[in-house]
Amino acid sequence: MRRLACIVIALLLVAPVGAGLLGGAIGPGILHPMRLNSERPQQTAEMLKRSGGVKENFSVRASDSVELRGWKIRPRSPSDDWVLLFHGVSDNRSGVLGPAEFLLRHGYSVVMMDSRAHGESGGEMATYGWQERHDTVAVVNALTSTERVSHLYALGVSMGAAIELQSTAVASKVWLQGTHSATFAK
């Protein structure tokens, strides 16, 4: 019995130390994801040609002064309906070219931003929605101050889905009126 108690106590002491070592080893890779994909300029140009979309650079200053970079893209015959597209981890705005093309062909304008610590956006670490939710509010405020927005939708892939869902929790009721979201996880 005494031996069993010693084993249990040893495991209880070793488990937190092991978790700390493991977290220290993999944490930097999770919080500072590699920027694995290029901006895919050729694929972007081909998508714009096929869809007839017109791309405009779009920069927004987040509440903590991080610069977020992306695009506003309008279809041939734009309506006042916009969709925010959120990419996955270690990717960038061009990671959602497929959904963007589909939406542009159906008359939606899209906003494709690089998340913080991804692509051309600033920021020291990815927080998988915790800080990015406030970035979304800054993007929406910048968009609605320059564009007429009747309906605002959101679509996120993988990490982008987490950002989208957390963004709705902090978004003001003003821009949530008429807003809908769809989440797709990988």
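The values are calculated or read from the model by the stated rules, or taken from the named source; none is laboratory data. Source: prediction; values computed, not measured. Here the Cβ positions follow ideal geometry from the backbone for every residue, glycine too, while neighbour counts run over all protein chains shown.
Worth pointing out:
- Search result, residues across segment 80-108 that are under 18 Å from ALA45 (Cα atoms), of a type outside the set (A, V, I, L, M) and buried (at least 24 other Cβ atoms within 10 Å of the Cβ): ASN92, ARG93, GLY95
- You will find that of GLY24, GLY18, GLY52, the residue that is on the phi > 0 side of the Ramachandran plot and not aromatic (Phe, Trp, Tyr) is GLY52 and no other.
- SER109 being of a type outside the set (A, V, I, L, M, F, W, C) and in contact with a strand residue (DSSP E or B) (Cβ under 6 Å, 6 or more places away or on another chain): yes
- A Cβ distance below 7 Å, combined with a sequence gap of six or more or placement on separate chains, defines the contacts here; from segment 142-159, residues that are within 22 Å of SER65 (Cβ to Cβ) reach residues that are among the aliphatic types (A, V, I, L, M) and surrounded by 23 or more Cβ atoms within 10 Å (Cβ to Cβ) in the pairs LEU143/VAL111.
- Evaluation of SER158 against (1) at positive phi; (2) at pLDDT 95 or above (one fails), failing number: (2)
- Among the candidates GLY53, GLY20, residue that is small (Gly, Ala, Ser) and under 28 Å from GLY129 (Cα atoms): GLY20
- Scanning segment 26-44 turns up one or more residues that are touching a strand residue (DSSP E or B) at 6+ places or on another chain (Cβ under 9 Å) and either modelled with pLDDT of 95 or more or not assigned by TED's automatic domain parsing to the domain that holds THR144 (or both).
- Looking only at segment 128-147, and only at residues there that are assigned to a loop (DSSP other than H, G, I, E, B) and buried (at least 20 other Cβ atoms within 10 Å of the Cβ), the one that is nearest to the chain's Cα centre (by Cα): GLY129
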